[in-house]
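The values are calculated or read from the model by the stated rules, or taken from the named source; none is laboratory data. This structure is a prediction, so every number in the text was calculated from the model and none was measured. Backbone-built Cβ (ideal geometry, glycine too); neighbour counts: all protein chains shown.
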Amino acid sequence: MEYPINNNDQSSQSGGFKKIRWGILGTGKIANKFASEFSHTASAELAAVASRDLERARSFAAAHQIPKAYGSYEELLNQEDIDIVYIGLVNSAHYPVTRQALLAGKPVLCEKPFTLHVEQTQELIQLARQKNLFLMEGLWTRTFPVIDRVKEIVSSQKYGKVTLAQMDFGFIGNLDPKGRLMNPELGGGALYDVGIYPLTTAQHFLGDITEFQAMATLSCTGVDTRVMIQAQHRSGALSVLHASIDTASQKEAYLFMERATIHIPAPFWKPPVAICTIHGGGIGSSPDTPVETQTISKPYSGNGFEFEIEHVSECIRSGLKESPKMTLAETLQTAQMIEKIRSNWKIVKS
């Protein structure tokens, strides 16, 4: 049985709304992916891009039909007609540029990981609240309709509580010691790059992690190439989470409830589909009970950033100062947990 998701409540489906005008700081790979999704949204427009290299900014603007390009972040941040900025820079630049944007009075969506140090995360949250500005960590997984529907099923406890979960995200990356993934000065490593997805998604469905054990494999540069976390959540549920930048894995998520299993196939962090297998109850390892399968689907034509753009644009339009789907409290809690893991395994810091 299939249950497609309709987004009839999206503001983009209604006329009369002011389009939210976005600026992008950065012209790298992730910024290109983000910019390409504005063609799939109706409630937002990409108004400007900035780079420290004006020619790169102009080339980026031409590729994405952006009307304005600037050769410095400061120039874009001084534009009064920009409603919010997206920061899609290397990890080590997230803190200073987000701080610069907030000081300039601009709401910010900053790509994950939010910062590389807990103190920086605390400072930015405090600054945003002092300035009364919207601030969000760009964990786009939270904005996918399939994730919303899975969260509804889990929260309803219709099939019992989630008791166990397993999630992984592993790929073979560029392991050049001077490259982004391997450079500690740029915030490299598996935990920052992809480990944050199973870590935060597990907490989204199972609740805060209260106890955990972590293991990591370190590279010649001191960053982690593999990390595994075994965790207990406040709900009592257990999870096994792993990530890698030197090994390809299934990239799937499983949530085991008392009477059902939800499988989010690859790519679980940007899912177009999830499969709920309802076991019907019964005692024993092989109970003779009927099994029903339900498919939750919401296909998308681009890469999926459209959902994050729509969500954040609606937050800005509604006057919110943080996202209800990705709160600042959770961003801080995640930063604290990552800091503990890195400290325990002596993962080199930037």
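Which of the residues that make up segment 163-213 are in a strand (DSSP E or B) and within 17 Å of the chain's Cα centre (by Cα)?
Across segment 163-213, the qualifying residues are 167, 168, 169, 170.
Given the criteria assigned to a loop (DSSP other than H, G, I, E, B), touching a residue at least 40 places away in the same chain (Cβ under 8 Å) and either in contact with a strand residue (DSSP E or B) (Cβ under 6 Å, 6 or more places away or on another chain) or outside the structural domain of residue 31 (by TED's automatic domain parsing) (or both), does residue 326 qualify?
yes
Restricting to strands (runs of 3 or more DSSP E) lying wholly in segment 68-143: which have 2 or more residues that are over 20 Å from residue 340 (Cβ atoms) and in contact (Cβ under 8 Å) with a residue 40 or more places away in the chain?
Because the criterion is at least 2 residues that are over 20 Å from residue 340 (Cβ atoms) and in contact (Cβ under 8 Å) with a residue 40 or more places away in the chain, the strands (runs of 3 or more DSSP E) in segment 68-143 that meet it are 84-87, 108-111, 135-138.
Would you say residue 202 is of a type in the set (A, V, I, L, M) and touching a Lys or Arg at 6+ places or on another chain (Cβ under 9 Å)?
No.
Within segment 50-108, which residues are of a type in the set (Ser, Thr, Tyr) and touching a Cys at 6+ places or on another chain (Cβ under 6 Å)?
98 - this is the single residue of segment 50-108 that is of a type in the set (Ser, Thr, Tyr) and touching a Cys at 6+ places or on another chain (Cβ under 6 Å).
Could you please find all residues in segment 275-316 being among the β-branched types (Val, Ile, Thr), buried (at least 21 other Cβ atoms within 10 Å of the Cβ) and assigned to a strand (DSSP E or B)?
Once the filter is applied, which keeps residues that are among the β-branched types (Val, Ile, Thr), buried (at least 21 other Cβ atoms within 10 Å of the Cβ) and assigned to a strand (DSSP E or B), segment 275-316 yields only 296.
Kindly indicate which of 158, 178 is farther than 19 Å from residue 325 by Cβ, at pLDDT below 95 and out of contact with any Lys or Arg (no Cβ under 9 Å at 6 or more places or on another chain).
178
Assess whether residue 256 counts as being aromatic (Phe, Trp, Tyr), more than 20 Å from residue 144 (Cβ to Cβ), in contact (Cβ under 8 Å) with a residue 24 or more places away in the chain and surrounded by 14 or more Cβ atoms within 10 Å (Cβ to Cβ).
Considered against the rule, which asks whether it is aromatic (Phe, Trp, Tyr), more than 20 Å from residue 144 (Cβ to Cβ), in contact (Cβ under 8 Å) with a residue 24 or more places away in the chain and surrounded by 14 or more Cβ atoms within 10 Å (Cβ to Cβ), residue 256 comes out as yes.
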